[in-house]
Each structure stands twice: as structure tokens, then as C-alpha cells.
1. Please tell me if Ile63 is among the aliphatic types (A, V, I, L, M), at pLDDT 85 or above and either more than 15 Å from Thr85 (Cα to Cα) or in contact with a strand residue (DSSP E or B) (Cβ under 6 Å, 6 or more places away or on another chain) (or both).
2. How many of the residues making up the range 52-72 are of a type in the set (A, V, I, L, M, F, W, C) and not in a helix (DSSP H, G or I)?
3. Collect the residues in the range 35-51 that are closer than 18 Å to Phe25 by Cβ and part of a helix (DSSP H, G or I), keeping them in residue-number order.
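The values are calculated or read from the model by the stated rules, or taken from the named source; none is laboratory data. Note that the structure is predicted; figures quoted are calculated from it, not measured. Backbone-built Cβ (ideal geometry, glycine too); neighbour counts: all protein chains shown.
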Amino acid sequence: MGKSKYKRDWSKYDENVITRYKLMFPFYVFEHWWDLLAEENRNARTKYKAPKEFNDFLAFLHIFLPYRAIEGVLRALEQLKIIPTSLDYSRECPKRK
């Protein structure tokens, strides 16, 4: 077999994959948690504990993980002080439907 005519730029490909997965994890939500939450709770009848963007991320995780596994992720994030409060996925997400 001869060499392929197509030459892939592996460093560029690797960087694209890294960027793609970096975008899936909503770091801006953690940085602006209280601002996003205040905006959502301004006119809400029931007060939310987490911003909508974070719940969207949890919904994305649910594609790969069951509810109990997501609750484990939430507890770990709280323990690491990444999220400010303990969230119960089964109680928080039905509000968003």
C-alpha cells in the first residue's frame, strides 16, 4: 500500500477535539453562578437553586448517565466547592420541563 494522499494535521485535529469538549462543560456558569441565578429568579414564581445553563448541562449528562449517577456528580461538585449548594437533580430538573 502506498502513502495516503490525504495528510491530516494531527495537532490541529487534537486542538479541535479539546476545544469541542471544553465547550461542553459550562465553566462560565460556575464563574457567574449568582448573576445568572439572580436574573432567572427575578420574575420566577418559584425560586431556582441553579441557573438554567447548569440544568441544560445536567440534561446533556443524562444522555450518558442515569439520575443517580448525576446526583453523585452533583455531590462531588459541591464537595469540591465548584457549585455553592447541594442540588437534587430529581427535584430541580422537572421544573425546567
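1. Here the answer is yes, as Ile63 does meet what is asked.
2. Final tally of qualifying residues: 3.
3. Result: Leu36, single match.
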